[in-house]
Structure formats: structure tokens, C-alpha cells
Amino acid sequence: MTRKKTDTIAVRTGIGTDTQHHAVVPPLYLSTNYRFPALGDVPTYDYARGGNPTRAQLEQALTDLEGGAGAVVTNCGMAAINLVLSLLNAGDKIVAPHDCYGGTYRLLESRAKQGIWQVKFVDQSDPDALASALAESPTLVLVETPSNPLLRVVDIADICQQAHQVGAWVVVDNTFLSPALQQPLALGADMVVHSTTKFINGHSDIVGGAVIAATSELAETLAWWGNCIGATGNAFDSYMTLRGLRTLGARVKQHQQNTQAVLAYLQTVPAVRQLYYPGLTTHPGHEIAARQQSGFGSMLSLELDTDSDGVARFIAGLSLFALAESLGGVESLVTHPGSMTHRAMSDAAQAEAGIAPTLLRFSIGLEDADDLIADLANAFAALAA
């Protein structure tokens, strides 16, 4: 049989594998430890930090979805980033996006200040800036595409080719799209990271992360470090994430359908100064996104033609879009990156990344699109008042 489609992998992983009671849905294994058959006879699972049957099923699902050789499920998305960084040695150099997620920026900058490694934040869509950074022979290149929160798109295959020429690993944060819409390993990446809290779980009730490796050697090394530093996820969270994963395909389709309706409305509103969404033909990264993605996703950002007081009035006028961090759940969210997800960045770093005080990021959920548009219309009315 040919390789299964992503929707099938997401639904079927673990289904019908229970041999004891023949349960259709696989059981949840909460045990922290496992009995050794005899002295010196080490079982597949001995202690839950190093391995758990439920977590292993989620790891297999993510491995298959991303087309990798192995995965490590972590206790959050930042733990996944930190796990990848465990592969580095003192003094190694990292090239990271200047507009990456604020938590990632904070971790990289803070560790660099401790002298653990060197990090260079660059605009990876600028060929000269990228070439200059790669000329310094980094060990790892972190890519985030589409970026958070400005939805910038970079060419994964091109960056991988350039990075590999100088001997660097490439790790791609695929959180904004999930493997349903983008598979970076097929484009040459060495590792993919996810905050599984977002689209993979999809219900805003579990925090988790994952790293998927392109080779068995990398997967084994990541697994060793995951156990060593205690970054691995727990059984219950893995069970719930696998439960959410089963509807990934259906959810992503509806997310995108709603996003198209919301975008059509937003393009008619004079108070929207700038829209950021790779699906728009006017987006600078549209052609690259169309080539390397199988959809444009349900994340969008916009700048309001107002001041900080106007932003506050607009947000206060919303009732369906909750003002909250995170994304990718069934519910619609609005985030003010400057004061929320990216507040760890200095004002200067935010300005360099293009994060304006009037920028808002939206995660379009699964509510009725007409209701979402009506909610936005109420907020724009409040802004104009």
C-alpha cells in the first residue's frame, strides 16, 4: 500500500492495536514505572520519563505525519526548542529569525548572554543578511515560516541547501501550519518542532511540544537528551493530544474556510491599515507559500489605522474573539503581540522585527463565519466611536 494520506495517519494511529481487550481506541498508560522481567533484562519501557506506550503512539503519529525517522514528545513547545538546543556545544553559533516567537527569542537571547552559545537574529528573507550570517559557519539555523506574528514566509528548501553547504542543521518551527499544510523534512530540514498545544491538539486544554527528526541517528540523540534533561511529555497529555490530532484534517479545512470569509470582509474595512496573510497575492511570500505549503492556514495579523486607545476600544468591542495568547484551538482568539506573546522583546527588537503597537494577531476558529464577521464589525464600530 502506498503511503497513507495525512488525514488517515492522524485518525488511525493506535486504533485497533490493543491486544488484551481489543479496544478500538488505545488505552491510556499512566504507570510511572514498569516491571523488569528478570535481573538484567531491560524492558522496552522502564521509567516514564524515558518512555511511555501512550506517548510513543503520539510520537509515531507525528513521525509519520511529518515523514520523519523518529520523534520526541515534550512537555511544551519551548521544551521542544530547548531539546534541540541541547545538541549544541559551548560556543556554537545559531542563526534565528529576527521576528521569531517571543518565547524563542527570550530563550536564545538569555542563553547567549550567559555565554552558552552565540546567536544572530537576522531577516531570513533578506538574501544578503542570510548569506552574511551563514558565512560565520553556524551549527544550527532556526526557521519559522510563516513567522509569528507577521506571517513572513521564507523558502525552506533554499535555506536548507545554503545551511547544509556550511555544515549547519536546519530546524523548522511548523506550529502555524501543522503537518496538514506543510512538511519541512520533505524540503530538506533536519528537524521540525511543534508546540502541539496549538493545531495538533486543537482544543486549548493541553500544553505540549514535539521534535521530529529526519534521521534515526538524530532521533536517538534527541530521545537521549529528552530523558536526560526531563523534557518529555506525560502520558495523559499525550493521550489527549492524540485524541485532538484525530480531527486535525477536518479542523484545518474548516479553519481555512472561515479564514477566507473573514479575510474577504477585512479587505473592505478602511480602518485596516495593513493585512498580513500569505494567501493574499499581494503578500511578499505568496509564491513561496503556494509552492511549499498545501494551504495558507488560519493565522492572520493586521495593523489598525489608529492609536493605542483605538486598539483598546477595538478589543473591548469583541465578544467572540477572546483576548488571549496561544492559537490553533477551536475558538477564535485575538492577541496583541507587543504586550503579550512578544513582550519579552525590547521595544527596539520589536521595532526591528516590524511589530507595531497597533498590530493584532488573529487565530480564526471554528465558529460560524458570519458570526465572526459580525463580531469584527461590532469592534470596528467601537473603534470609530
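Here is how the numbers come out for the structure above:
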| quantity | calculated |
| --- | --- |
| For peptides 43-50, 188-195, sequence by mean Cβ density within 10 Å, most packed first | 188-195, 43-50 |
| Relative contact order computed over segment 6-245 (Cα-Cα under 8 Å; 6+ residues apart), in percent | 26 |
| Of (1) 63, 50, 40; (2) 75, 51, 39; (3) 67, 46, 37, the label for Cα extents along the principal axes in Å derived from the coordinates | (2) |
| Cβ-derived FRET efficiency at R0 22 Å, residue 12 paired with residue 215, nearest 0.05 | 0.30 |
| Cβ crowding within 10 Å averaged over residues, with 129-137, 297-305, 215-223 ranked highest first | 297-305, 215-223, 129-137 |
| Of all DSSP beta bridges in the chain, antiparallel share, percent nearest 5 | 60 |
| Magnitude of the charge dipole, segment 248-384, Cβ model with Lys/Arg +1 and Asp/Glu -1, debye to 20 | 340 |
| Max mean-square fluctuation residue, GNM over the chain, Cα-Cα springs under 10 Å, options 146, 26, 270 | 270 |
| Entries of 4/198; 93/198; 4/253; 113/198 with Cα pairs more than 21 Å apart | 4/198; 93/198; 113/198 |
| Cα-based helix-to-principal-axis angle, 235-245 vs the chain, degrees rounded to 10 | 50 |
| The chain: calculated mean residue ellipticity at 222 nm from DSSP helix runs of at least 4, using -39500 (n - 2.57) | -11000 deg cm²/dmol |
| Lys, Arg +1 and Asp, Glu -1 on Cβ, resulting dipole of the chain about Cα centre, debye, nearest 20 | 740 |
| Local electrostatic count at residue 376 - Lys and Arg +1, Asp and Glu -1, tallied over other residues with Cβ under 12 Å | -4 |
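Taken together, the values in this text are just the output of simple stated rules run on the coordinates, not laboratory data. Since the structure is predicted, the reported quantities are computational estimates derived from the model, not experimental observations. Glycine also receives a Cβ, built like all others from the backbone with ideal geometry; neighbour counts cover every protein chain displayed.
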